Amino acid sequence: MPDEVLSQFTQTVREEKKAAPVKKFRYGIIGTGWIAEAHAQVLKNMEDVEVVAMADLIPGKAERFADTWGFDKSKINFYPSHKEMIDNEQLDGVSVCTYNRTHAECTIYALEHGVNVLLEKPFTVTTEEAVACCRAEKKSGKLLSIGFQPRMDRNMQEIKRIVESGELGQVYYIRIGGGRRRGIPNSTFIEQKTAGIGALGDIGCYALDMVLNAIGYPKPLTVTGYKSAFFGANPKYNNPADAARFNVDDFAAGFVRLEGGIVVDFITAWASHIDTPGDTIILGTEGALRIPSTECWNGSVGGPMTLYKDIAGFSTQVTVPLRGDVPGGLFFQKVRSFVDACREGRPAPVPSSQILYNQAIIDGIVKSAEAGKEIEIEIPEI
Ligand SMILES: NC(=O)c1ccc[n+]([C@@H]2O[C@H](COP(=O)([O-])OP(=O)(O)OC[C@H]3O[C@@H](n4cnc5c(N)ncnc54)[C@H](O)[C@@H]3O)[C@@H](O)[C@H]2O)c1
């Protein structure tokens, strides 16, 4: 066949194969503080996404943020709050990167105006707020995903896989052992008016998600909770300026009964006098799993896990090797999976229906600690 005929044919095939240009996913960032950077950095590298709007309550902060992280400011509209942004933009999705206290209002406003939401952890401050977000999501038909990037970690996925494999038999007891010796954050994390909850919401939510996700998020029924703040407000352990304004928990514990007869023994700390309260352990009728804690307790696995089983009458143990990084890193995967789910009409990567239970446990610990007794966890229908 003559070359020109062949090349014409190749050309036709190429043209037929050329994908229709993908409409860019119009994205907004609400709250341009510390964690927004992680969202911005990965969004910048997504060819099918354009960041078109940024909002922050502090005048000029969003503009400075755009400058710092190398955005072309002429292509971005800046707003003094989430409301003006949502009212004036046609957005496909937003990252809500505000402090905990404004998570619910930003999320609900976006959903009510037809915008998909990727919300930073913890879900909210109270169960009532989380319920309101879930209802807004249901009514809107849009998608709400909660920003637990450890879910993208292969080691975390391994925990779930091991539990689901049935090798542990029936899981009946979980002890969550994460917590820091010294690691009190500052900024907006340490005040009621911005954070609402301290270590409990900041790192406690990750610890709960690690194990609850593995066992399929059974409904929490009752909780006995405790919380304290012996370090954050003490200038001996925190710098005096931060100690003076510190008014959230820096330590919390809880004993939680879940549907299906499973109990979770929980502990978390920004500060204490012990290097670590220990590893996380999952006990089952046929085996057990030990998950080493990390020093900073940010929801990751601190080292190779150990799987315990009796085989042929011998008590044996197997080391589960640590698995490597995911392409682009955990934050990339967290934002990418959100965008893909919105585009493809798939369920949220980290569904609000699960994290509602996580939030109900956190809120239950607060309420039980304040009441000084065990309480029932009540979660209304969505
Ligand atoms: N996933 C993670 O690894 C991770 C890490 C750190 C923080 N976080 C979470 O991210 C959230 C923010 O933390 P941060 O350290 O970035 O806080 P930050 O205080 O640095 O930033 C929050 C920003 O939100 C702005 N804001 C508040 N309400 C607003 C509203 N209604 N409209 C527009 N802007 C508003 C504030 O002015 C502030 O600039 C917290 O909930 C925190 O728990 C997640």
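The values are calculated or read from the model by the stated rules, or taken from the named source; none is laboratory data. If you're wondering where the values come from, they're calculated on a predicted model, not measured in any experiment. Note: ideal-geometry Cβ built from the backbone for every residue, glycine included; neighbour counts use all protein chains shown.
Results, tabulated for the structure shown:
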| read-out | value |
| --- | --- |
| Subset of the range 69-85 [assigned to a loop (DSSP other than H, G, I, E, B) and among the aliphatic types (A, V, I, L, M)] | ILE76 |
| The listed residue being touching a strand residue (DSSP E or B) at 6+ places or on another chain (Cβ under 9 Å) and either within 16 Å of the ligand (Cβ to nearest atom) or in contact (Cβ under 8 Å) with a residue 60 or more places away in the chain (or both), out of ALA214, ALA229, ALA195 | ALA214 |
| Flag if VAL326 is under 17 Å from ILE203 (Cα atoms), β-branched (Val, Ile, Thr) and either part of a loop (DSSP other than H, G, I, E, B) or free of Cβ contacts under 8 Å to residues at least 12 places away in the same chain (or both) | no |
| Qualifying helices (runs of 4 or more DSSP H) (wholly inside the range 130-223; at least 1 residues being surrounded by fewer than 22 Cβ atoms within 10 Å (Cβ to Cβ) and within 19 Å of the chain's Cα centre (by Cα)) | 154-165, 204-214 |
| Residue among ASP363, ASP340 that is out of contact with any strand residue (DSSP E or B) (no Cβ under 8 Å at 6 or more places or on another chain) and closer than 22 Å to GLU50 by Cβ | ASP340 |
| Residue count for the range 238-278, restricted to those that are touching a helix residue (DSSP H, G or I) at 6+ places or on another chain (Cβ under 8 Å) and in a loop (DSSP other than H, G, I, E, B) | 6 |
| Verdict on THR294 being more than 28 Å from ALA132 (Cβ to Cβ), more than 16 Å from the ligand (Cβ to nearest atom) and either assigned by TED's automatic domain parsing to the domain that holds ILE184 or not in a helix (DSSP H, G or I) (or both) | no |
| Residues being in contact with a strand residue (DSSP E or B) (Cβ under 6 Å, 6 or more places away or on another chain), of a type in the set (A, V, I, L, M, F, W, C) and near the ligand (Cβ under 10 Å from one of its atoms) - total across the range 105-126 | 3 |
